[in-house]
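Following: one structure in structure tokens, then a few remarks.
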Amino acid sequence: MRNRWSSMIVTGLAGICLMATTLQGAEARRTKKMVQPRYPELALKMRVEGTVKLEAVVDSDGSVKNVIVVSGPPLLKAAAADSVKEWQYEPAKDSSLMPIEVNFRLPQ
């Protein structure tokens, strides 16, 4: 129980910054719901931080159908991809491919 609480506190203090670049041609799709990733415990212990670049396939209803990891620290990739799968965008006429960057920063 103590480990769970400390993990939650560290996650809250980790200063995870999210930035979604949501331009697809001339049409911008706004993010309606963004879920912050959980900082992996091993990455915290090893003091790994960095940016994970992803591409999300967003369906016309705004749900994320697939996430492709483009680059980033290996210990952070899964956490970033898992969180982006829960994001929700505004609906649009067609599906789109959205470039996303998830930044992980250690607490100071």
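The values are calculated or read from the model by the stated rules, or taken from the named source; none is laboratory data. Quick caveat: nothing in here was measured; it's all calculated off a predicted structure. Heads up, the Cβs are rebuilt from the backbone with ideal geometry, glycines too, and the neighbour counts pull from every protein chain shown. SASA here: full protein model, heavy atoms, side chains in, ligands and nucleic acids out. Shrake-Rupley method; radii C 1.70, N 1.55, O 1.52, S 1.80 Å.
Residues in segment 42-69 that are closer than 12 Å to L106 by Cα and outside any strand (DSSP E or B) were compared, and the one that is least open to solvent (accessible area, probe 1.4 Å) is A43. Entry remark, segment 70-108: residues being surrounded by fewer than 17 Cβ atoms within 10 Å (Cβ to Cβ), without any contact (Cβ under 8 Å) to a residue 40 or more places away in the chain and not small (G, A, S) number 7 in total.
For segment 70-108, a residue qualifies if it is part of a helix (DSSP H, G or I) and either modelled with pLDDT under 95 or not charged (D, E, K, R) (or both), and the qualifying residues are P74, L75, L76, A78, A79, A80, A81, S83, V84. Checking the structure you have, find out if any residue of segment 14-26 is under 19 Å from E90 (Cβ atoms), surrounded by 16 or more Cβ atoms within 10 Å (Cβ to Cβ) and modelled with pLDDT of 90 or more. No - not one qualifying residue is present in segment 14-26.
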